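Just below is one structure, and these are the notes that go with it.
The values are calculated or read from the model by the stated rules, or taken from the named source; none is laboratory data. Source: prediction; values computed, not measured. Neighbour counts run over all protein chains shown; Cβ positions are idealised from the backbone, glycine included. What goes into the accessible areas is simple: the full protein's heavy atoms, side chains included, and nothing from ligands, DNA or RNA. Shrake-Rupley method; radii C 1.70, N 1.55, O 1.52, S 1.80 Å.
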Amino acid sequence: MKSIYTCPYCGAKSFNPWKKAFAGGLRTKGKVCMECGQHCVNGVASMIFSAVVYIAALVAVLLVYFKGNSNWDYVYMVGAVAAAFVLCRLFDAFFGPLVKPIRNDVLN
């Protein structure tokens, strides 16, 4: 894949959507820039979006658990969590900037 996202440290276009999707949040180590070797993560927008989507998935799971009465209820619950995971990775891959992590062990 073509690198289209820039590193917040050196400004080089060294991140593709797949790598950016799994860069993680502010409290993770993130992914390493191939140009400068620094760690980069997804920003606050990613954390807010993930929180909203996973809370909605939790509500959906609880509604199906307490109100459902078919044999397919577990499929719906797993589907809600899987859809939340995919939506969060898509948001991370195509929206929001890459930022510097806040962990002290990866900062130089």
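Among the residues of region 72-86, which ones are open to solvent by 70 Å² or more (accessible area, probe 1.4 Å), at pLDDT below 90 and not in a loop (DSSP other than H, G, I, E, B)?
74
Is it fair to say residue 22 is among the aromatic types (Phe, Trp, Tyr), at pLDDT 95 or above and under 11 Å from the mean Cα position of the chain (by Cα)?
Numbers: among the aromatic types (Phe, Trp, Tyr): yes; at pLDDT 95 or above: no; under 11 Å from the mean Cα position of the chain (by Cα): yes.
Taking the combined requirement at face value, the residue does not satisfy it.
Give just the number: which of (1) free of Cβ contacts under 8 Å to residues at least 24 places away in the same chain; (2) open to solvent by less than 70 Å² (accessible area, probe 1.4 Å) does residue 5 not satisfy?
Residue 5 satisfies every listed condition except (1).
For region 45-75, which positions are out of contact with any helix residue (DSSP H, G or I) (no Cβ under 8 Å at 6 or more places or on another chain) and of a type in the set (D, E, K, R)?
67
Can you name the condition, by its number, that residue 10 falls short on among (1) more than 15 Å from residue 92 (Cα to Cα); (2) at pLDDT 90 or above; (3) touching an Asp or Glu at 6+ places or on another chain (Cβ under 7 Å)?
Tallying (1) more than 15 Å from residue 92 (Cα to Cα); (2) at pLDDT 90 or above; (3) touching an Asp or Glu at 6+ places or on another chain (Cβ under 7 Å), residue 10 fails exactly one: (2).
Scan region 41-71 for residues that are in a helix (DSSP H, G or I), open to solvent by less than 80 Å² (accessible area, probe 1.4 Å) and in contact (Cβ under 8 Å) with a residue 24 or more places away in the chain and report the count.
Going through region 41-71 one residue at a time, the tally reaches 7.
Suppose we filter region 13-44 for residues that are in contact with a helix residue (DSSP H, G or I) (Cβ under 8 Å, 6 or more places away or on another chain) and either within 15 Å of residue 94 (Cα to Cα) or among the polar types (S, T, N, Q) (or both); how many remain?
8
Taking residue 49 as the residue in question, decide whether it is among the hydrophobic types (A, V, I, L, M, F, W, C) and within 17 Å of residue 92 (Cα to Cα).
In short, yes.
Looking at residue 37 and the list (1) of a type in the set (Gly, Ala, Ser); (2) modelled with pLDDT under 90; (3) surrounded by 14 or more Cβ atoms within 10 Å (Cβ to Cβ), which single condition is not satisfied?
All conditions pass for residue 37, except number (3).
Among the residues that make up region 15-22, is at least one of them without any contact (Cβ under 8 Å) to a residue 40 or more places away in the chain, open to solvent by 50 Å² or more (accessible area, probe 1.4 Å) and not polar (S, T, N, Q)?
There is no residue in region 15-22 that is without any contact (Cβ under 8 Å) to a residue 40 or more places away in the chain, open to solvent by 50 Å² or more (accessible area, probe 1.4 Å) and not polar (S, T, N, Q).
Can you tell me which of (1) of a type outside the set (Lys, Arg); (2) open to solvent by less than 60 Å² (accessible area, probe 1.4 Å); (3) over 19 Å from residue 9 (Cα atoms) is the one residue 96 doesn't meet?
(3)
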